[in-house]
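In what follows, a single structure is set out as structure tokens and then discussed.
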């Protein structure tokens, strides 16, 4: 069972002295896997880090470090991966990079258990959501099932003003968080907020 599970902690656990490729090769060797160089190259390509693979990770952006950290957790092809607040401390662009990586994992069939205190992250990534309160799961289900617990919505006209995040992406030329689609059902995801947990 333990060999089937991988964990990525709240903060990226990469060796800043080594390059991205060397970090991956090191983990593959520690797991006694054949062809560690090939494994590293495949994961660099999978997480769009090939060009940066030869650089020291100390030069990486927060999103790149996080993607490398997730890639390191996938060495050995574990079917289940736990991600503990993977976007903590990341800027909006880096957060979207990590969201894309998580959705790609789900699409490839990996089961992702993700904890987050960001509710929109749970909405974007989770197939199923469990809400924790004071150490106990008080409710869980799909997003639609949880929304159904509230009274029916009233239709009202509201003039929507751009958010600061909308302004940020307009200025830097990136895509907004609204571009994220729901995570693939190939991986079972549950979110957790404030204790929210994604699986």
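What follows draws every value from the coordinates through simple rules; no lab data is involved. Source: prediction; values computed, not measured. Positions of Cβ are backbone-derived with ideal geometry, glycine not excepted, and every protein chain shown enters the neighbour counts.
With respect to the chain, whose longest principal axis is taken over its alpha-carbon atoms, helix 20-30 is tilted by about 70°. Between the helical axis of 92-107 and the dominant principal axis of the chain, each derived from Cα atoms, what acute angle in degrees is found, rounded to the nearest 10? Long axis of 92-107 versus the principal axis of the chain: about 80 degrees.
Fewest neighbouring Cβ atoms within 10 Å first, the residues 47, 82 line up as 82, 47. Sorting 17, 75, 129 from the fewest to the most surrounding beta carbons within 10 angstrom yields 17, 75, 129. Per residue, the chain reaches -10500 deg cm²/dmol at 222 nm when only DSSP H runs of four or more residues are counted, each adding -39500 (n - 2.57). Helix 62-73 axis versus longest C-alpha principal axis of the chain: approximately 70°, rounded to the nearest ten.
For the chain, relative contact order (Cα pairs under 8 Å, six or more residues apart, normalised by length) works out to 25 percent.
Here segment 155-174 and segment 59-126 have alpha carbon centers that stand 24 Å from each other.
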